[in-house]
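Each reported figure results from applying straightforward, stated rules to the coordinates on display, with no laboratory input. Being a predicted model, the structure only gives us computed values, none of them experimental. Cβ coordinates were reconstructed from backbone atoms using ideal geometry, including for glycine residues, and neighbour counts include every protein chain displayed.
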Amino acid sequence: MITVSGRIGFIPEVVILSGEVSRPGAYSISKGETILEIIDRAGGYTDQSYSEGAIFTRKQVAVQQKD
């Protein structure tokens, strides 16, 4: 699972990677950086991963969908 946190109208500051990446955890994000670059910084996917099944979540979107 990949979680991006931030405020509406602002560039997210932190991405949390969990699951089948080599080094899961919180990663700061730079302007113009892509999610694939962040995954590379985290050591890439493990041998057990299925990258096509990745799920991207945003807390704000989840709240809006519940409403």
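Overview of values
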| quantity | calculated |
| --- | --- |
| Burial order of peptide ranges 14-23, 51-60, 32-41 (average beta-carbon count within 10 Å, highest first) | 14-23, 32-41, 51-60 |
| Neighbourhood net charge (15 Å Cβ-Cβ; Lys/Arg +1, Asp/Glu -1) for Ser49 | -3 |
